[in-house]
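The values are calculated or read from the model by the stated rules, or taken from the named source; none is laboratory data. It should be emphasised that the depicted structure is a prediction, and the values quoted were computed from it without experimental measurement. Cβ sites come from the backbone with ideal geometry, for glycine too, and all protein chains shown count toward neighbours.
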Ligand SMILES: NC(=O)c1ccc[n+]([C@@H]2O[C@H](COP(=O)([O-])OP(=O)(O)OC[C@H]3O[C@@H](n4cnc5c(N)ncnc54)[C@H](OP(=O)(O)O)[C@@H]3O)[C@@H](O)[C@H]2O)c1
């Protein structure tokens with residue numbers, strides 16, 4: 001692998017941290033961007049990472065909304081892996097807190113790449129949220145041909161942020177003369193070991209609800225799961241393989257929420273787990289009464305099964321996705337060891 005400098009934006013984050021770990025294990029020179037270098041929960045785990053011979057780690061402060069800091073972070077890099085985004089589903093100020101960091105932030109990254117003129121590979125972390133339409137039928141298989149064009153600020157600000165940022169990247173890539181290779185990666189719900197307590201607040205909060213027994217009963221819902229280590233690996237492989245302009249779904253498999261709880265109960269019988277799943281009609285009623293859930297959302301998501309075609313990523317990046325059960329069981333030990341439960 002080349003020895004050139006690779007920048008990872010959002011390196012304090014769950015996925016970004018695993019990408020940095022993966023690159024360092026391969027002896028790459030890595031520039032990791034974080035928002036606050038004085039916070040040990042954002043950088044301590046990065047500083048403790050093993051570094052393979054000839055590799056190096058430089059941590060810099062960068063805010064996506066501060067153009068100058070983005071320019072400085074990108075300058076001198078040949079590879080850019082852009083994971084940073086506001087990973088928030090709901091906010092009272094969705095434009096400012098969810099959409100702007102993704103869209104204005106990604107525009108700043110693209111401008112910085114143009115200014116730098118040295119970038120060869122640009123890998124953008126998108127999401128299944130940029131693909132999934134608001135409504136789908138039970139048993140649907142979505143491919144990378146679908147776009148979340150119907151996402152709105154009101155109903156799905158995170159989907160809007162991910163879709164809009166990706167569209168910006170694609171339009172830019174189409175129009176730029178002699179720009180870098182570009183690939184977008186679209187993970188579903190990411191599970192797998194957390195490297196910092198902060199990592200428990202995003203996608204892992206779903207598992208943490210079970211670990212902390214925050215819910216007395218579960219909803220009859222399917223969750224598509226992919227391992228964070230597989231996600232890191234395909235981001236790194238995308239620097240040297242995959243199609244220019246490729247749009248790759250990254251999904252390891254599906255499990256019902258109740259089956260996840262049963263798996264945990266079987267493997268951790270000494271702990272208490274809520275495993276009871278609400279019957280469908282009762283779950284619909286609960287959703288209808290819930291202030292943050294619409295009946296339309298509940299009718300689409302409860303009980304129904306949605307599948308994703310991650311075949312192109314398996315083929316082009318030569319990856320065998322980890323089984324979701326393995327991923328879940330390997331997520332729990334360091335939560336318990338660190339007493340994050
Ligand atoms: N986890 C999933 O299930 C999942 C699924 C699909 C796609 N994704 C995508 O994967 C990427 C990483 O997500 P994650 O799960 O690793 O979430 P995360 O742990 O919240 O990481 C997000 C990273 O972005 C940084 N960030 C947020 N706003 C920023 C800003 N204004 N300027 C600079 N950095 C900023 C965060 O910095 P701080 O540490 O300072 O907050 C953090 O490093 C995101 O693009 C997300 O949309 C995640």
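Each residue in segment 197-243 was checked for being within 16 Å of the ligand (Cβ to nearest atom), closer than 22 Å to residue 4 by Cα and not in a loop (DSSP other than H, G, I, E, B), and 6 pass.
Of all the criteria given as (1) surrounded by fewer than 16 Cβ atoms within 10 Å (Cβ to Cβ); (2) at pLDDT 95 or above, the one not satisfied by residue 173 is (1). Within segment 263-274, one or more residues are in contact with a helix residue (DSSP H, G or I) (Cβ under 7 Å, 6 or more places away or on another chain), under 18 Å from residue 212 (Cβ atoms), modelled with pLDDT under 95 and surrounded by 16 or more Cβ atoms within 10 Å (Cβ to Cβ). Applying the condition of being surrounded by 12 or more Cβ atoms within 10 Å (Cβ to Cβ) and in contact (Cβ under 8 Å) with a residue 40 or more places away in the chain to segment 47-63 and asking which residue is nearest to the ligand (Cβ to nearest atom) yields 62. Tell me, please, whether a residue that is away from the ligand (no atom under 15 Å from the Cβ) and on the phi > 0 side of the Ramachandran plot can be found in segment 103-123. Within segment 103-123, one or more residues are away from the ligand (no atom under 15 Å from the Cβ) and on the phi > 0 side of the Ramachandran plot.
Which numbered condition trips up residue 185, out of (1) crowded, with 16+ Cβ neighbours inside 10 Å; (2) without any contact (Cβ under 8 Å) to a residue 24 or more places away in the chain; (3) within 16 Å of residue 106 (Cβ to Cβ)? With respect to (1) crowded, with 16+ Cβ neighbours inside 10 Å; (2) without any contact (Cβ under 8 Å) to a residue 24 or more places away in the chain; (3) within 16 Å of residue 106 (Cβ to Cβ), residue 185 is out only on (2). Scan segment 176-185 and tell me whether some residue there is farther than 24 Å from residue 69 by Cβ, modelled with pLDDT of 95 or more and away from the ligand (no atom under 11 Å from the Cβ). Yes, the conditions are met somewhere in segment 176-185. Looking at (1) away from the ligand (no atom under 11 Å from the Cβ); (2) touching a strand residue (DSSP E or B) at 6+ places or on another chain (Cβ under 6 Å), which is the one condition that is false for residue 155? Single failed check for residue 155: (2). Would you check if residue 89 is over 20 Å from residue 233 (Cβ atoms), modelled with pLDDT under 95 and within 12 Å of the ligand (Cβ to nearest atom)? Considered against the rule, which asks whether it is over 20 Å from residue 233 (Cβ atoms), modelled with pLDDT under 95 and within 12 Å of the ligand (Cβ to nearest atom), residue 89 comes out as yes. Looking at segment 222-234, is at least one residue within 29 Å of residue 163 (Cβ to Cβ), more than 19 Å from the chain's Cα centre (by Cα), modelled with pLDDT of 95 or more and surrounded by 14 or more Cβ atoms within 10 Å (Cβ to Cβ)? The answer is no, given that none of the residues of segment 222-234 is within 29 Å of residue 163 (Cβ to Cβ), more than 19 Å from the chain's Cα centre (by Cα), modelled with pLDDT of 95 or more and surrounded by 14 or more Cβ atoms within 10 Å (Cβ to Cβ).
Within segment 32-41, is even one residue out of contact with any strand residue (DSSP E or B) (no Cβ under 8 Å at 6 or more places or on another chain), farther than 22 Å from residue 230 by Cβ and near the ligand (Cβ under 9 Å from one of its atoms)? Yes, segment 32-41 contains at least one residue that is out of contact with any strand residue (DSSP E or B) (no Cβ under 8 Å at 6 or more places or on another chain), farther than 22 Å from residue 230 by Cβ and near the ligand (Cβ under 9 Å from one of its atoms).
For segment 64-81, filtering for residues that are under 29 Å from residue 237 (Cβ atoms) and either within 8 Å of the ligand (Cβ to nearest atom) or surrounded by fewer than 22 Cβ atoms within 10 Å (Cβ to Cβ) (or both) leaves 7. Being on the phi > 0 side of the Ramachandran plot, more than 16 Å from the ligand (Cβ to nearest atom), in contact (Cβ under 8 Å) with a residue 24 or more places away in the chain and buried (at least 21 other Cβ atoms within 10 Å of the Cβ) is a property that residue 192 lacks.
Reported count of residues in segment 312-325, each being surrounded by 13 or more Cβ atoms within 10 Å (Cβ to Cβ) and either without any contact (Cβ under 8 Å) to a residue 60 or more places away in the chain or more than 18 Å from the chain's Cα centre (by Cα) (or both), is 4.
Rundown of residues vs (1) over 30 Å from residue 340 (Cβ atoms); (2) touching a helix residue (DSSP H, G or I) at 6+ places or on another chain (Cβ under 8 Å), yes/no style:
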site	(1), (2)
119	yes, yes
133	yes, no
136	yes, yes
148	yes, yes
159	no, yes
164	yes, yes
177	yes, no
196	no, yes
212	no, no
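Meeting the requirement of 2 or more residues that are within 17 Å of residue 188 (Cβ to Cβ), the helices (runs of 4 or more DSSP H) wholly within segment 248-332 are 257-267, 295-301, 311-316.
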